[in-house]
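Right, one structure below, let's go through it.
Every read-out reported here was derived from the displayed coordinates using simple, explicitly stated rules and does not represent laboratory data. Keep in mind that this is a model prediction, so the values were computed, not measured. Cβ coordinates were reconstructed from backbone atoms using ideal geometry, including for glycine residues, and neighbour counts include every protein chain displayed.
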Amino acid sequence: MMKYLLLAAVIAVVYALWRNGQRRMPRPPAGPRGAPQASLPEPMVRCARCGVHLPQSQALSHDGHSYCCEAHRRQGRDA
Ligand SMILES: [Zn+2]
């Protein structure tokens, strides 16, 4: 009798682990691939002073121009 109880316990544990694993598995993509949400390309801007390209979020804007750093922003477009 104890053997069967043990067997039932083992099966229950295996079943629980299996269900856990199923839940953690990544879902297969349903249907056509949707719009990519991550890693959207950031717009690049050009420093009006030295011409280096940099992400817009890191650029300094002044008078409608973008600059790579504070020094270039102060020096202006074509100093
Ligand atoms: Zn620059």
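Of the residues making up region 42-75, those that are away from the ligand (no atom under 11 Å from the Cβ), touching a Lys or Arg at 6+ places or on another chain (Cβ under 9 Å) and small (G, A, S) number 1. Selection of region 43-79 for residues being surrounded by fewer than 16 Cβ atoms within 10 Å (Cβ to Cβ), assigned to a helix (DSSP H, G or I) and among the basic types (K, R) yields only R74.
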